[in-house]
Amino acid sequence: MNLIAAVDKNWGIGWKNKLLVRIPEDMKSFQRITTGKVIVMGRKTMETFPSGQPLKNRTNIVLTANQDFQVKDAVVVHSMEELLEELKQYDSEEIYIVGGESVYRQMADMCDTAYITKIDYEYLADAWFPNLDEQKEWEATEESDEYTYFDLEYRFLKYEKKH
């Protein structure tokens, strides 16, 4: 399975249930990588999508404790057990964990690749991605050139778990 996220210098990913910043190239990269794939997210992440709707051309799976939560064109599961059972029908390489913080934390150990957009800026954040640079089992295996969006510098990195 895969993780995908945009993080700041401190691995922050969000503030008040919103992304820290929207970088058009990061959005395009996310779309390119996840189109045609399975994306797994928590309810709050789903609610940040345009109109709170599932992303098109992907299988959207939402993990939520809220038994009443339903959303058209998405699979809703209510526990890790139910999620893992649901994921068995898909090729693990086609599955992308897209947030938020609690879903990343619950799923990170089961993933072996992470696509990270690292933004060279420190934002005020209240949600974080696990810091892969501090985890010895993860290593950055690919790093793009540096890009700039207005005054923000960022890179695309691929991390892989050492086996």
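The values are calculated or read from the model by the stated rules, or taken from the named source; none is laboratory data. Because the structure is predicted, anything quoted here is derived from the model rather than measured. Here Cβ is always computed from backbone atoms with ideal geometry, including for glycine, and neighbour counts include all displayed protein chains. Note: accessible area is taken over every heavy atom of the protein model, side chains too, but ligands, DNA and RNA are not part of it. Shrake-Rupley method; radii C 1.70, N 1.55, O 1.52, S 1.80 Å.
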- Item | Segments 41-54, 93-106 sorted - mean Cβ within 10 Å per residue, highest first | 93-106, 41-54
- Query: How far is it, in nm, from the label point at GLU93 to the one at GLN31 when both lie 7 Å from their Cα along the line to the Cβ?
  - Reply: 2.6 nm
- Query: So between MET110 and LEU84, what do we pick up on full extension, going 0.36 nm a residue minus the alpha carbon distance?
  - Reply: 8.3 nm
- Task: Work from the charge dipole of region 11-144 (Cβ charges, +1 for Lys and Arg, -1 for Asp and Glu, about the Cα centre) and give the residue of ILE33, MET107, VAL21 farthest towards its positive end.
- Result: VAL21
- When you count, for each residue, the other Cβ atoms within 10 Å and take the mean per peptide, how do 15-21, 109-115 rank with the highest first? 109-115, 15-21
- Task: Distance check, please: which entries in LYS56/LYS118; LYS18/LYS161; LYS136/LYS161; LYS118/LYS158; LYS18/LYS158 exceed 18 angstrom between their Cα atoms?
- Result: LYS56/LYS118; LYS18/LYS161; LYS18/LYS158
- Per the helix-only model, the chain has a calculated mean residue ellipticity at 222 nm (DSSP H runs of ≥4, -39500 (n - 2.57) each, divided over all residues, rounded to the nearest 500) of -5500 deg cm²/dmol
- Hey, any idea what % of region 19-163's accessible area is carbon plus sulfur with a 1.4 Å probe? 45 percent
- Under 20 Å from LYS88, Cα to Cα: lysines that are on another chain or at least 8 residues apart: LYS37
